[in-house]
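What follows is a single structure, written as structure tokens, with notes after it.
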Amino acid sequence: MQFDSLKRRDFITLLGGAAAAWPLAVRAQQMAMPVVGFLHSASPDGNADRVRTFREGLKESGFVEGENVAVEYRWADNQVGRLPALAAELVRRPVVAIAAIGPPAVFAAKAATPTIPIVFLVPEDPVRLGLVTSLARPGASLTGVNWFPAEVAAKRLELLRELVPGVIRVAVLVDPATMTTNQSTLRDVEAAGRAMGMQIQSLNAGSSRELDEAFASIVRARPDALFVATSAFFADRRIQLALQAMRHTIPATYPFREFPEAGGLMSYGASLRDALRQVGAYTGRILKGAKAADLPVAQSTKFELVINHQTARILGLTVPDKLLAAADEVIE
């Protein structure tokens with residue numbers, strides 16, 4: 001009996017030691033797990049699909065969040081001034097790489113660290129922005145994915161004219177926080193508009209209040225259509241934009257599919273979901289040991305036309321069969 005009692009005590013002691021060691025082992029595993037940062041100027045609300053495709057890109061490179069990689073998310077909630085502090089938090093964490101979405105986030109990350117690799121997503125030429133030395137050989141610690149919304153501005157106007165015949169006066173809504181991108185967009189919209197005999201007027205909006213003021217100006221001016229430029233803020237306010245345009249019966253063209261999904265009329269532009277997948281895949285390759293300097297900047301090649309047919313009917317528009325056939329998706 002005494003021998004059995006000793007064996008039980010030994011077993012309990014062994015079990016207790018294992019139980020105490022188990023949390024330590026879990027913590028050690030978590031500490032050994034690489035951590036990447038995700039920095040965005042917008043808010044997490046409404047960006048779930050884009051984050052999901054970022055994770056899909058990581059998975060393509062062999063990394064699953066929570067299993068063999070951790071992701072620290074930092075969102076500025078459309079307050080660009082918060083980005084430097086958020087980037088500094090990620091550097092102190094520390095992270096082994098930063099996925100920075102949009103020029104303000106990229107510049108904040110670049111200023112926060114000269115050594116941690118940064119994988120960016122920007123809507124303009126990263127060479128002109130001074131982020132890389134060339135697309136083929138980025139150099140330094142930055143690489144990523146870019147798309148050129150300004151270059152598709154003419155195509156967006158053409159598609160708008162197909163849907164709204166006789167359109168002459170077009171209001172262009174831009175976000176002051178993304179002025180470098182907007183300057184290129186406005187330049188291309190104005191050039192394409194002149195070639196098509198259109199009159200272009202630009203309006204600024206960087207807050208919900210300014211959006212309301214912009215629409216008040218639009219209602220007074222009564223343009224034939226609205227052209228919404230690329231902006232993380234506009235993407236966050238896509239429901240507000242769609243409702244305002246519908247309320248005032250103004251046909252509008254948007255840069256991404258999320259807008260017609262929220263009730264907007266039509267969109268044409270790069271697939272941001274696919275671009276985020278590419279950012280995730282590049283981040284995974286860096287985790288595997290690739291150097292940012294050796295990864296050529298990828299360019300978005302997937303562009304999509306999305307039409308909200310129900311919104312078109314509410315606005316009294318008949319979508320031509322040719323346009324319906326060309327659309328990547330028609331929302332009924």
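Step by step: find N for the chain, compute 2.2 N^0.38 Å, then divide the Cα radius of gyration by it. What's the final number?
Rounded to two decimals, the normalised Rg is 1.23.
Of the peptides 266-272, 76-82, how do they stack up when ordered by the mean number of other Cβ atoms within 10 Å, highest first?
266-272, 76-82
Let a ≥ b ≥ c be the square roots of the eigenvalues of the Cα gyration tensor of segment 205-332; is it rounded (a/c under 1.5), or, if not, prolate (a/b larger than b/c) or oblate?
In terms of gyration-tensor shape, oblate.
Within the set LYS59/LYS291; LYS110/LYS288; LYS155/LYS291; LYS302/LYS322; LYS59/LYS110, which residue pairs have Cα atoms separated by over 28 Å?
Distance filter (> 28 Å) returns LYS155/LYS291.
How far is helix 153-163 tilted, in degrees, relative to the longest principal axis of the Cα atoms in the chain, given as a value from 0 to 90 rounded to the nearest 10?
Approximately 60 degrees, to the nearest 10.
Around THR230, which amide H atoms from residues at least 5 apart in sequence, or from another chain, sit under 5 Å from its own amide H, with H modelled in the peptide plane?
none
As I understand it, the value is the acute angle between the Cα axis of helix 103-112 and the longest principal axis of the Cα atoms of the chain; what does it come to in degrees, rounded to 10?
Roughly 40 degrees between the two axes.
Pairs of Cα atoms under 8 Å, at least six residues apart: use those to get the relative contact order of the chain, whole percent.
Over the chain, the number comes to 20 percent.
Ordered by packing density, taken as the mean number of other Cβ atoms within 10 Å over each peptide's residues, highest first, how do 279-290, 183-194 rank?
279-290, 183-194
Sort GLU329, GLU258 so the one with the fewest other Cβ atoms within 10 Å of its own Cβ comes first.
Fewest to most other Cβ atoms nearby, the residues stand as GLU329, GLU258.
Rounded if a/c is under 1.5, else prolate if a/b is larger than b/c, else oblate: which is segment 136-276, with a ≥ b ≥ c the root eigenvalues of its Cα gyration tensor?
Because a/c hits 1.5 or more and a/b exceeds b/c, segment 136-276 counts as prolate.
So what is the relative contact order for segment 186-308, in percent, with contacts set as C-alpha pairs under 8 Å and at least six apart?
It rounds to 19 percent for segment 186-308.
Distance between Cα centroids, segment 293-323 to segment 68-87: provide it in whole Å.
29 Å
Within the chain, what percent of beta bridges assigned by DSSP are antiparallel, to the nearest 5?
Taking every DSSP beta bridge with both residues in the chain, the antiparallel ones total about 10 percent.
Before rounding to the nearest 500, sum -39500 (n - 2.57) across all DSSP H runs of length at least 4 in the chain and divide by the residue total; then give [θ] at 222 nm in deg cm²/dmol.
About -14000 deg cm²/dmol.
Bear in mind that the values in this text are calculations on the coordinates, not laboratory data. Note that the structure is predicted; figures quoted are calculated from it, not measured. Because the Cβ atoms are built from the backbone with ideal geometry, glycine has one as well, and the counts that use them run over all protein chains shown.
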